[in-house]
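Bear in mind that the values in this text are calculations on the coordinates, not laboratory data. Keep in mind that this is a model prediction, so the values were computed, not measured. With ideal geometry, Cβ positions are generated from the backbone for all residues, glycine too; neighbour counts draw on all protein chains shown.
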Amino acid sequence: MRRSFMLIISATLILAAHSAWADIKVDGLYIEGVIGVGLIPDLDIDTVQSPTLSGEASWDLGVVGGGAIGYQFNKFLRTEINVQAGYNNVDSIDLGGDKFKGAGDVVNASAMGNVLVDLPLSVWIDDSSRASGVTPYVGVGVGYLYTDIDSDSDALLIVDDSNSSLAWNALAGVAIEVAPGIEATFNYRYLRSTERNKFGVRLAGIPGSNDKIKVRAESHAFTVGIRYYFSLGGNLRAAPKTWSPKILPPGRNP
C-alpha cells in the first residue's frame, strides 16, 4: 500500500513538471539587429622583409553594426548566423621606433556561426514577477573575418590592402522582453582572427620601400539591439504556470 502511494505521488510530480513547462512555447526562428561602438586594442605589427621591424598600431573608437538570424531550440539553447561590420580610424602606427600619425581606417567584417546558452532568470529566481523576461546569455562561435586597411592620400606610411582568415568570437549579454516575442538586447562580443595576416605597406614617395606587415585582427564590440521571434506570443520567458490536480467529488470518475 505504501509503495503504491509513493508511486502515485512520484507520477503526479512528473506530470506536474511536464505540464508546467510544456505550456511555454520558446522554440522558433528569430532575427536581430544591433548597433554600437567598437574598440580595437593596440595591435603588434612586424614587417616581413629583412631587416624586420616591430611596433604597434593604435586605433580610435569606432562604430559597429550588424544582424543575425537564428533558431531557439528550447528555453536554454539557440544557434545563429551573425554578420557584423566594424569601422575604426587609425590613431597612430609606431614602427621601428618611428611614429606615424594615423591617416586611414580599417574595416572588419565577419560572418560567424554561434551557439548560445540562455539563462532566463525566471527559472532561477523565485520572485518570477520581477525576473520574468530577463535573460542573460553566453555564447561562442567560429567563422570568417575580412579585414580591409586603407590609408589616406596624405599618409606617410601607406597601407592599402585587404585579407581574410578564420576567426572566433565569444559573446555575452542580456535580453529583456519589451513586448510579446520582442526583446531588447545588450551585448558584448570579443572577436579574434586565428592567424596573423599580411598587408602591403610602403613609405610615401620612397621607391623600393614596399614591404608587408603582419598583424592579427582583434576587436571588442558593445552593442544594443532588437530581437524578434516569428513564432512566439505571450510572455516569452515566463516562469512555469502553477499546476494543481483536479479534485473530483467522491464516487465520480474522471
**Q.** Label-point gap, in nm, between Val178 and Asn210 - each point 7 angstrom along Cα→Cβ
**A.** 5.1 nm
Q: Just give me a number: lysine pairs in segment 26-229, eight or more positions apart or cross-chain, with C-alpha atoms less than 26 Å apart.
A: 8
Q. Modelled label-to-label distance, Leu156 and Val117, 7 Å Cα→beta-carbon offset: nm?
A. 5.1 nm
Q) Taking the Cα atoms of segment 26-229, what is the range of coordinates along each of the three principal axes, in descending order and whole Å? A) 69, 24, 24
Q | Viscosity 1.306 mPa s, 10 °C: Kirkwood-radius Stokes-Einstein D of segment 47-101 over Cα pairs, µm²/s | A | 106 µm²/s
(Q) Could you tell me the calculated FRET efficiency between Ser231 and Ile81, based on Cβ-Cβ distance and R0 = 30 angstrom, to the nearest 0.05? (A) 0.95
Q. Roughly what would the spin-label model give for Leu166 and Tyr146, points 7 Å off Cα along C-beta, in nm?
A. 2.0 nm
